[in-house]
Every structure is written in structure tokens, then in C-alpha cells.
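Note sheet for the following structure.
The values are calculated or read from the model by the stated rules, or taken from the named source; none is laboratory data. Fair warning: this is a prediction, and the values are worked out from it, not measured in the lab. Using ideal geometry, Cβ is built from the backbone for each residue, glycine included, and neighbour counts are taken over all protein chains shown.
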Amino acid sequence: MLDHEEVVIRVGRRSGLPVILAVHSTVLGPAAGGLRIWHYPDWRDGLTDALRLSAGMTLKMAVAGLPSGGGKTVVALPEGTRLGPDRRRAVLQDVADVIASLDGTYATGPDVGTGPADMAVIGETTPHVFCRPEESGGSGDSSPHTALGTIAALRAVSRHLHGTPALDGRRLAVIGLGRVGEHLARLLAAEGAELTVTDIEPGRRATAEALGAVWRGPEEILTEDVDVVVPAALGSLLTREVVPRLRCKAVAGPANNQLATPDVADLMHRHGIVWVPDYVAGAGGVVNAISTELHHAGPGEARARVLAIAQTVGELLDAAAREGLTPARAAAETARRRLRAAASGACGESASLASRGWGHLPRP
Ligand code: PHE
């Protein structure tokens, strides 16, 4: 059964490419979620991705305590397609038309394959876009904030595993040195972590070397003997087959949809590996963008909200240990409770949101 409120598939009249916009839920508020422009073997794979990613955004918002819903847009490029500047602009205008036709039900932001400059183009057509460059009136690149939120999550994991949030001397394997991964690797190197890194782009090896990180091939890094594996690229890397070969104590990173299938969370738990749900660890970007652009929080407050991911992860890991659940189930339960409370118009959650300094947020 389709679990989404609305899915629009439109062939862009300028680009001829399929624009797939999925609004999963607006129960907590108008939906938000990034625009992914990526290659897929078939456009239907892009549809599958949009459906899963938008559902993940609903969970991301709910657990972060944001009064927003979940959505995502995917432009499915045929393999091997290169977008020159004109075609790229055409694609973005096609996307902007679809967003505008939803009239505020959904706002987009950056994701894999897009950034602030693309958001500025979308902003020429519709105001429902986050993370335009600051000079165009937006909150700018979300990736440093996603990276900072991931650091907060990693501190909570470190506290859980080692009794201290300090990351110096911890062995971390960062998968992907894209926008978020590179920021993350820099922050971790500055903290004195021992880094192993990879990227599908061999050219990024120079970045690794500049950071003093060990480089590994993308297929080797997942099974490195490290404290924490940090997925910061594409999803579906945690499969039933790979879990028995993992040698880390925990997996926690910002890549969306890390599990190939939902049962992998239980399997990791049985293997004694802590998995922090991606939608919890990777919320820093949307938390900053929505706090700044919708709630008019200043930089200090937005940063505090991003850093509160440490508290959220700590509470989830504690609740999971106490109740004998996986962190995935504990997080899903938190999300379900907030969605149910909002759907029934109750405000039973306001106490826990207020304890994070969120009490004055506009409620949907
Ligand atoms: N790519 C971001 C995410 O997955 C999406 C996003 C960022 C949406 C910033 C809006 C604003 O969380």
C-alpha cells in the first residue's frame, strides 16, 4: 500500500527528465526534504528512492522535534548523463514548477547532487526552498551543519561505548568525502580522531592525505577494524551479507537510508553493533535550515539545536538499553508517538520539546 500523501511524477517540459516529488507526511507540518539529482539504471529506481527518502524525512523531523513533515524530490538521470549548465538550469526550473504547483505543501533543499546555487535557481520561481546562498536570502550550505550534528551523534556514541564523549584517539572510518563527508572528516581530524576514509572518486585521495587519514577502497572500508563506521555517502550499504563481517562497535553517520532492508537493524543488534538511525544522526542540516529560515532562530540558537542531537542520541541509546530494544525501534517509537500526538491534536509532547528549548516554536 502507498504510505504517502502525494506523489507527483512529471516529465520536465524543458529537460525531458522525470521529476519525482514524494510528500510522505504533513502531519507535523508542511513537508521539507532535499532535491536529489542522481543517476539511476531506470527512472523507477528513482521513484523507489524518492518514496524511501521522503519517509525517512518524516522520521527525521519527528525525532528532531521539528514541526515539519517529510518529502523528497528525485530527478532520475539515465546512467552516463552529464548536465551542462543550460540543461542543469532547465532541470531546476522544471523542479521549481512542480514544487510551485504544490503551493507550500512541500519545500525543497539540497541533497546528493545539488547545492545552494541550485536552490537559488529554484528560488527564482518559488519561495518554497531552503538553503539558498546567504546573499540570496537563504541559510546557505547545509552540509557543515549536517557534519556538526553528526559529530554530536558520534560524541553520544562514544559516551555510550567508552564512557566519555571525547573523540580524540577514536578510530573512525568515514565513507564518502562529498559535501558532508569532507566537513565531517575535517572536524574529526581536528578532534584528533584516527581516520580511515574512502570515496568513489579516486581524486579525493589528496584530501584524505592532507587530513592525515588512511585511504581505503570503497569495498574494503566497511569491514575495517575501527570503533565507528560513519556512512556519509549513498545508502543501502548495510546488508544482511555484510553485517556478519563488520568489525566495528558502532555505525553512525549522516547518509540517508543506510539499511538495505529494515531487518538489518535487528541483525546488527544481534551482532552487538550499535546502529544509530541515519535519520537521527543526519538531522543537523534540516535542523539548522528550518530553525533559521522558518523559526528565525539566530546562529547561536540554531547551533544549539544541532548540537542537541547528542542528547537525542544519548536518550535513544539509554532507552534502547533499558527496554532491550534496538536504537532503531526506540527512535521509530519516538517518531510514532509524536506523529500520533500531532494527528490527534494533543500536545503531550510539549514538555519534552520544551526541555530542549523548543517550547516557543510555532506548532503546526
Ligand atoms: N539533504 C537534507 C536531508 O536529507 C535535506 C534538507 C536540507 C532539506 C536542508 C531541507 C533543508 O536532511
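Looking at region 153-166 only, could you name the residues that are over 17 Å from GLY192 (Cβ atoms) and small (Gly, Ala, Ser)?
The answer is ALA153, ALA156, GLY163.
Sort out which residues of region 58-93 are farther than 27 Å from GLY16 by Cβ, among the aliphatic types (A, V, I, L, M) and in a helix (DSSP H, G or I), and write them in order of number. Break it down stepwise before answering.
Step one: of region 58-93, the residues farther than 27 Å from GLY16 by Cβ are 58-70.
Next cut, among the aliphatic types (A, V, I, L, M) only: 59, 61-64, 66.
Once the filter is applied, which keeps residues that are farther than 27 Å from GLY16 by Cβ, among the aliphatic types (A, V, I, L, M) and in a helix (DSSP H, G or I), region 58-93 yields LEU59, MET61, ALA62, VAL63, ALA64.
Can you tell me how many residues in region 62-87 are in contact (Cβ under 8 Å) with a residue 40 or more places away in the chain and under 20 Å from ARG10 (Cα atoms)? Step through it out loud before you land on a result.
Step one: of region 62-87, the residues in contact (Cβ under 8 Å) with a residue 40 or more places away in the chain are 62-77, 79-81, 83, 87.
Those left that are additionally under 20 Å from ARG10 (Cα atoms): 70-77, 79, 81, 83, 87.
Matching residues across region 62-87 total 12.
Would you mind stating whether LEU59 is of a type in the set (A, V, I, L, M, F, W, C) and either within 22 Å of ALA255 (Cβ to Cβ) or touching a residue at least 60 places away in the same chain (Cβ under 8 Å) (or both)?
The answer is yes for LEU59.
Could you please tell me which pairs satisfy a Cβ distance under 6 Å, a separation of 6+ or placement on different chains, a first residue in region 318-333 that is over 15 Å from ALA250 (Cα atoms) and touching a residue at least 40 places away in the same chain (Cβ under 8 Å), and a second residue that is β-branched (Val, Ile, Thr) and assigned to a helix (DSSP H, G or I)?
Once the first residue is over 15 Å from ALA250 (Cα atoms) and touching a residue at least 40 places away in the same chain (Cβ under 8 Å) and sits in region 318-333, its partners that are β-branched (Val, Ile, Thr) and assigned to a helix (DSSP H, G or I) give ALA331/VAL63; ALA331/VAL280.
Tally time: how many residues in region 277-311 are more than 20 Å from SER139 (Cα to Cα) and either within 15 Å of the ligand (Cβ to nearest atom) or without any contact (Cβ under 8 Å) to a residue 40 or more places away in the chain (or both)?
5
Restricting the search to region 134-159, which residues are assigned to a helix (DSSP H, G or I) and hydroxyl-bearing (Ser, Thr, Tyr)? Quick ask: steps written out before the conclusion?
Initial filter on region 134-159 (assigned to a helix (DSSP H, G or I)): 134-136, 143-159.
Correct list: SER136, SER143, THR146, THR150, SER158.
Can you confirm whether region 29-47 contains a residue that is farther than 21 Å from GLY123 by Cβ, within 13 Å of the ligand (Cβ to nearest atom) and part of a helix (DSSP H, G or I)?
Initially, region 29-47 is screened for residues farther than 21 Å from GLY123 by Cβ, giving 38-47.
From what's left, within 13 Å of the ligand (Cβ to nearest atom): 38.
Next, from what is left, pick out any that are part of a helix (DSSP H, G or I): none.
No, every residue in region 29-47 fails to be farther than 21 Å from GLY123 by Cβ, within 13 Å of the ligand (Cβ to nearest atom) and part of a helix (DSSP H, G or I).
For a quick check of your reading of the model, give me the residue pairs whose first member lies in region 233-260 and is not assigned by TED's automatic domain parsing to the domain that holds LEU172, whose second is within 12 Å of the ligand (Cβ to nearest atom) and assigned to a loop (DSSP other than H, G, I, E, B), with beta-carbon atoms closer than 9 Å and at least 6 apart or on different chains.
none
Please indicate, with yes or no, whether at least one residue in region 183-190 is among the charged types (D, E, K, R), within 20 Å of VAL280 (Cβ to Cβ) and without any contact (Cβ under 8 Å) to a residue 60 or more places away in the chain. Don't jump to the end; show me each part of the working.
Within region 183-190, the subset among the charged types (D, E, K, R) is 186.
Next cut, within 20 Å of VAL280 (Cβ to Cβ) only: none.
No, region 183-190 contains no residue that is among the charged types (D, E, K, R), within 20 Å of VAL280 (Cβ to Cβ) and without any contact (Cβ under 8 Å) to a residue 60 or more places away in the chain.
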